[in-house]
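Visitor: I'd like to ask some things about the structure below.
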Amino acid sequence: QEVDRTGVSNARRPPVSLAPGVSFRYPVSMQSFTRSQADALCESLSSPTARTRFRAAKLLVEASRQSPGVLYSRFDFFVQLLDADNRILRWNAVRILGNLAAADHENKLDALLDRLFAPIPGPEMITAANAIAAAAAVALAKPHLADRIATEVLKVKRARYATPECPNVAIGHAI
């Protein structure tokens, strides 16, 4: 039986409910993740409640990592989230799209790489760090793009962020 970082048994932890019929128990296993659950989570991203939106985003990132094929049909939805007003939703969209590379049989992501990696040179370090993480996922799923991705990630060396320490953090993500 697993115990979380606070020492609470996950077996005793109540399931997290995001929408009718959509609940998850931590740690989340997306082995039986369904398209209807994906749709409900995507709808939850427009919830007026921040907690619901961000929980849904976190679960979608995990679902994209464990079951990218289930979310691939929503690829264009996540591309639209790259323009969201909310930074946290944009960060999660970048991570999700990177993870969807594993299921990208239509090669949609190949045409999106410039946009996906545009944040790496700055000015937002957290956005850049998420783009770097997405780059790693894309490179693993699409080795033929590895050289191009490496070139993009190396732009972190010349990046301009808010503080002098931010480039070091971003470089740490790149390593």
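Visitor: Gain in length, HIS105 to SER36, computed as 0.36 nm per residue apart minus the alpha-carbon separation, to one decimal in nm?
Guide: Value of the extension gain: 22.7 nm.
Visitor: With the dipole of region 75-175 worked out from charges on the C-beta (+1 for Lys and Arg, -1 for Asp and Glu) around the Cα centre, which of PRO167, LEU89, LEU113 lies farthest toward the positive end?
Guide: PRO167
Visitor: Given the Cα-Cα distance of ALA50 and GLU165 and 0.36 nm per residue of separation, how much length would full extension add, in nm?
Guide: 38.5 nm
Visitor: Could you give the distance between the Cα centres of region 122-157 and region 48-65, to the whole Å?
Guide: First find each Cα centre; the distance between them is then 22 Å.
Visitor: In addition: At 7 Å along the Cα-to-beta-carbon direction for both GLN80 and LEU154, put a label point, then send me their distance in nm to one decimal.
Guide: For GLN80 paired with LEU154, the spin-label model returns 3.8 nm.
Visitor: Of the GluC sites (Glu not before Pro) in region 90-175, which ones lie in a loop per DSSP and count no more than 13 other C-beta atoms within 10 Å?
Guide: Filter output for region 90-175: GLU106, GLU165.
Visitor: Could you tell me what fraction of 2.2 N^0.38 Å the Cα radius of gyration of region 57-175 comes to, as a two-decimal ratio?
Guide: That ratio works out to 0.99.
Visitor: Using a 1.4 Å probe on the protein chains only, how many percent of the accessible area of region 82-175 belongs to carbon and sulfur?
Guide: Whole-percent figure for carbon plus sulfur exposure: 56.
The values are calculated or read from the model by the stated rules, or taken from the named source; none is laboratory data. A quick note: this is a predicted structure, and the numbers were derived from the prediction, not measured. Reconstructed Cβ throughout: ideal geometry from the backbone, glycine too, with neighbour counts over all protein chains shown. For accessibility, only protein heavy atoms count, side chains too; no ligands or nucleic acids. Shrake-Rupley method; radii C 1.70, N 1.55, O 1.52, S 1.80 Å.
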